[in-house]
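J.: Pasting in a structure now, in structure tokens, and then I'll have a few things to ask.
Only the coordinates and a few stated rules stand behind these numbers; no lab work does. This is a predicted model, so every value here is computed, not measured. Because the Cβ atoms are built from the backbone with ideal geometry, glycine has one as well, and the counts that use them run over all protein chains shown.
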Amino acid sequence: MIGYLGVDVGSVSTNLVVIDEETNVVSYIYRRTMGDPIHAVQNGLRELKELLPAEIVINGAGTTGSARYLSGVVVGADIVKNEITAHAVAASHVAPDVQTVLEIGGQDSKIIILREGVAVDFAMNTVCAAGTGSFLDHQAERIGIPIEEFGNYALKSQNPAQIAGRCTVFAESDMIHKQQMGYHVEDIIYGLCQSLVRNYLNNVAKGKELMSPIIFQGGVAANLGIKKAFEETLGMEIMIPKHYSVMGAIGAALLAKEKAGNKIESSFKGFSTSDIDFKTSSFHCKGCSNNCEIVKIEVDGEVLARWGGRCGKWEIEQT
Amino acid sequence: MKITFPHMGTLDIILSDLFTRLDVDFVLPPKTTTKAINLGVKYAPEFACFPLKVTIGNLIEGLEAGADAVVMVGGIGPCRFGFYAEIQNKILHDMGYDFEMITLEPPMADIKDFARKCKKIASKKTLWQILQAVRIVWKKAVAIDEVEREVLKRRAFEKNSRDTTVAHKKGLAVLKEAITPYEIKEAREKALSLINEVEKDLRRCPLKIGIVGEFYALLEPYVNFDIEEYLGQKGIYLERAVYLTDWMGPSKKNSVMGIDSDELAKAAKPYLSHFVGGEGQTTVGHIVKFAEEGFDGVIQLLPFTCMPEIIAKSVLPKICKELDIPVLTLIIDEQTGRAGVITRLEAFIDLLWNRRKKKLSAVGC
């Protein structure tokens, strides 16, 4: 059986997906990055191997996410792509007529506008991460509700509370204040969802024409409260794809498949790469006053990759 | 009196040359690096625009190196830039530096004041001598910009990454040494031929992107993450809206970019019908022009809190829709991470390629 691997290493989660020749998802892993992308990928590969049929042959591998270059070196990727393109590719694959993609992840949120299957515009949060997964995580923990239950609580709300959503710090103070005033917890949670949606639409989606069909993906799409708040605010139906949490990885796998074409030669290092000891180190270049921090990735003394400089003199990238 | 001044792109080459000719004692601050930025961020107000922070950093380094006078340019438009010199003067004096601030306001505002200050800077020369020196150095400045314009266009075709950058550096070194008008002309030819000689792959059909926005963000490569070099190495043909001499030049005619300001204002009119300070209106005009010339996309660069560019940004959705041209806006300040900029640029390049492929397949290519 032939498969294509997609790896998406973000700030919060590390996702791995294998799709088959018919682009069906064979199996996937969604796990926390825990600030250690190399081990997250290695452990993810190990877990993924357990789930996959024994006879699988990986014919192409793609990486995406903020650690795409690093994870590209670790897995031996055939293609390294930014997460905006990867998400657009995955969304237009599951819904070819999609015109708007809302994506909210751990620390970033983006919007992609597509027309007739081609991305024509996009935006990503710049100055503020209010309303992304990390904040919701933090609030769920503070209130003492498992993050998985957060959305269900929101749906129970009858009179949502007004929560200041422009800044996460003020949103938190406002939530505490509302708790102390005696508001129901579900009203506070749904109020939070509404304010986060307002924030997203006023910042990330500012000036964009949101047209149906709309797809909502990324880890935060698990939160039904946010979905409902989007639908209420926009007055439009929102679709959540089956594999909403790993769409970036699916996009990377699709791109790897496209790149592979009929060729069978993949630079994928195999699942045993999880046993390799990748060493990373860094130093400050003294070549000029820029003082760039150069990062080096080595295996058994052999330098696999080096980057971080502004002038390019240290740069080595295998992929 | 020992003069220092802030950096902005190739301004250091031009002013060093001018001051040397005029027998002015000056000290060049170290090139803008993280150190200058950190110094500026520490002493400038948090919500000041980014160029103010960086230039304060430059000036601190210049004063530390022994300068006791600062030359800055002023301004009379609604953009906060016109007030930079005043703020810098106050902040640096509050920090305890003893120096004199010489602010050159636009000559059309007060020609006598301008002449007096020029005379003050170059006290050993007559006004006539100053004028002669400026005329020659101006030729060099235009030559430097013209060479840069070619670099932006040709880097997309280089066979070996960084060859054009190396040729550009060599060309600038040649131009730096030129003294007489004849030598400047020769050096310009030499620099252009160095860039021409870089091994190229002319079969490429590169994406064409126009770069617009606030002049400092455009002209200072360190603050814009060397965006032009990055894009050029990704095989993208670039044209930039503003060059140093276009910005400093007294006339409406932008000799390097090649479009004069009346034409830009006319192009911008359906979207932004009046001057809003800084490059706000010309940015809009340039986007319209780039769209008309069939560019694949435009990148707008602005420092965080830049008012004129925010106004330009607010009319972008309409321009993009009516003229069918994608525009990527990048907002820069000390909080901006290079990784985030690269992610957006990569995605923008993918978007433009996919659009082009689709357009080609629509006409049956």
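J.: Averaged across A:81-87, how many Cβ atoms of other chains sit within 10 Å of each residue's Cβ atom? Don't skip to the end; give the middle numbers.
T.: On the way: counts 3, 9, 3, 7, 9, 2, 1.
Mean number of neighbouring Cβ atoms from other chains: 5.
J.: Another question, if that's okay. Using only the alpha-carbon atoms, how far is helix B:50-64 inclined from the longest principal axis of chain B? Give it as 0 to 90 degrees, nearest 10.
T.: 40 degrees
J.: Kindly list the residues of the range B:256-295 that lie in the label zone of residue B:314, defined by a backbone N under 20 Å from the point 7 Å along the Cα-to-C-beta vector.
T.: Inside the label zone: B:265, B:268-288.
J.: Label the range A:51-132 by shape, choosing from rounded, prolate and oblate, from the square roots a ≥ b ≥ c of the eigenvalues of the Cα gyration tensor; if a/c is under 1.5 it is rounded, and otherwise prolate applies when a/b is larger than b/c, oblate when it is not. It would help to have the intermediate numbers written out before the result.
T.: Values: a/c = 2.21, a/b = 1.41, b/c = 1.56.
Verdict is oblate for the range A:51-132.
J.: What relative contact order, as a whole-number percentage, does the range A:277-319 give when Cα pairs under 8 Å and 6 or more residues apart are counted?
T.: Values: 72 pairs, mean separation 12.2, N = 43.
About 28 percent, as a whole number.
J.: I'd like the FRET efficiency for residue A:283 and residue B:358, computed as 1/(1 + (r/R0)^6) with the beta carbon distance as r and R0 of 45 Å, rounded to 0.05.
T.: Working: r = 45 Å, r/R0 = 1.00.
Computed FRET efficiency for residue A:283 and residue B:358 comes out at 0.50.
J.: Further question on the same structure: Which of rounded, prolate or oblate describes chain B when judged by the alpha-carbon gyration tensor and an a/c cut-off of 1.5? The partial results should precede the final answer.
T.: On the way: a/c = 1.72, a/b = 1.42, b/c = 1.21.
Prolate.
J.: Still on this structure, I have one more. Using a simple spin-label model with points 7 Å from Cα along the Cα→Cβ vector, what separation in nm is obtained for residue B:199 and residue A:162?
T.: 6.8 nm
J.: What is the average number of partner chain Cβ atoms found within 10 Å of a Cβ in B:345-355?
T.: So the per-residue partner count for this stretch is 6.
J.: What whole-number distance in Å separates the alpha-carbon centres of the range B:46-62 and the range A:138-184?
T.: 41 Å
J.: Right, something else. Given labels modelled 7 Å from the Cα in the Cβ direction, how far is it in nm from residue A:39 to residue A:138?
T.: According to this spin-label approximation, the distance is 2.4 nm.
J.: Ok, one more. Quick check: the angle from helix B:163-177's long axis to the longest principal axis of chain B, C-alpha only, nearest 10 degrees?
T.: 30 degrees
J.: Oh, and also: Show me the three semi-axes of the equivalent ellipsoid for the range A:1-122, from the C-alpha gyration tensor (sqrt of 5 times each eigenvalue), largest first, rounded to whole Å. Walk me through the intermediate numbers first.
T.: On the way: eigenvalues 113, 67, 27 Å².
Gyration-tensor ellipsoid for the range A:1-122: 24, 18, 12 Å.
J.: Per DSSP H run of n ≥ 4, the term is -39500 (n - 2.57); total these for chain B, divide by its residue number, and report the mean residue ellipticity at 222 nm rounded to 500 deg cm²/dmol.
T.: On the way: 16 runs with 196 residues, N = 365.
Rounded to the nearest 500, the figure is -17000 deg cm²/dmol.
J.: Could you work out the relative contact order of the range B:133-200, using alpha carbon pairs under 8 angstrom and six or more residues apart, expressed as a whole percent?
T.: On the way: 64 pairs, mean separation 28.0, N = 68.
After rounding, I find 41 percent.
J.: Using only the C-alpha atoms of the protein assembly as shown, find the volume of their convex hull and express it per residue in Å³. Can you show the working numbers first?
T.: Values: hull volume 121.7 nm³, N = 684.
Cα convex hull per residue, to the nearest whole number: 178 Å³.
J.: With the crude spin-label approximation of a point 7 Å out along Cα→Cβ, what separation in nm comes out for residue B:119 versus residue A:209?
T.: 6.1 nm
J.: Let me ask something additional. Sticking to Cα atoms, compute the Rg of the range A:96-240 to one decimal and its Dmax as the biggest Cα-Cα distance, whole number, in Å.
T.: Rg then Dmax for the range A:96-240, in Å: 14.8, 50.
J.: Quote to one decimal, in nm, the extra length available between residue A:116 and residue A:25 on full extension: 0.36 nm per residue of separation minus the C-alpha distance between them.
T.: Answer, rounded to one decimal: 30.3 nm.
J.: Here's something else I'd like to know. Using R₀ = 22 Å, calculate the FRET efficiency as 1/(1 + (r/R₀)^6) where r is the Cβ-Cβ separation of residue B:98 and residue B:31; round to 0.05. Write down the numbers at each step before the final one.
T.: Values: r = 25 Å, r/R0 = 1.14.
With R0 = 22 Å, the Cβ-Cβ based efficiency is 0.30.
J.: If R0 is 22 Å, what FRET efficiency do you get for residue A:202 and residue A:173 from their C-beta distance, rounded to 0.05? Provide the component values of the computation, followed by the final result.
T.: Numbers: r = 20 Å, r/R0 = 0.91.
With R0 = 22 Å, the Cβ-Cβ based efficiency is 0.65.
J.: Shifting gears a bit: If you average the alpha carbon positions of the range B:98-166 and of the range A:206-221, how far apart do those two centres end up, in angstrom?
T.: Rounded to whole Å, the Cα centres lie 48 Å apart.
J.: I would also like to ask the following. If packing is taken as the average count of other Cβ atoms within 10 Å, what order do B:11-17, A:37-43, A:284-290 fall into, highest mean first? Write out the running numbers ahead of the final one.
T.: Working: B:11-17: 18.7, A:37-43: 21.0, A:284-290: 13.3.
The most tightly packed comes first, giving A:37-43, B:11-17, A:284-290.
J.: Below 8 Å, C-alpha to C-alpha, sequence gap of six or more: please give me the relative contact order for chain B in percent. Don't skip to the end; give the middle numbers.
T.: Numbers: 582 pairs, mean separation 53.7, N = 365.
Here the relative contact order equals 15 percent.
J.: Report the antiparallel proportion of the DSSP beta bridges in chain A as a percent, rounded to a multiple of 5.
T.: Working: 37 of 52 bridges.
Rounded to the nearest five, the antiparallel share is 70 percent.
J.: Can you give me the C-alpha center-to-center distance between the range A:226-274 and the range B:178-206, rounded to a whole angstrom?
T.: 46 Å
J.: I've got another one for you. For the Cα atoms of chain A, what angle does the longest principal axis make with the long axis of helix A:247-260, in degrees from 0 to 90, nearest 10?
T.: 30 degrees
J.: Another question about this same structure. Please return the longest range in chain B lying between exposed loop sites, taking GluC sites (Glu not before Pro), DSSP loop only, at most 14 other beta-carbon atoms within 10 Å, and leaving the sites out. Intermediate results must be reported in sequence, preceding the final value.
T.: Numbers: sites that count: B:46, B:197, B:199, B:293.
Within chain B, the longest run free of exposed GluC sites (Glu not before Pro) spans B:47-196.
J.: Can you give the % of DSSP beta bridges in chain B that are antiparallel, to the nearest 5? Kindly include the intermediate steps, with their values, before the conclusion.
T.: Numbers: 1 of 25 bridges.
Bridges in chain B are about 5 percent antiparallel.
J.: Also: Count the net charge of all other residues whose Cβ sits under 10 Å from the Cβ of residue A:204, scoring Lys and Arg as +1 and Asp and Glu as -1.
T.: Values: positive: A:110, A:206, A:208; negative: A:103, A:108.
Around residue A:204, the surrounding residues sum to +1.
J.: What is the local net charge at residue B:40, summed over the other residues whose Cβ is closer than 12 Å to its Cβ (Lys, Arg +1; Asp, Glu -1)? Numbers along the way, then the final one.
T.: On the way: positive: B:35, B:42, B:53; negative: B:46, B:61, B:333, B:334.
With Lys, Arg at +1 and Asp, Glu at -1, the neighbours total -1.
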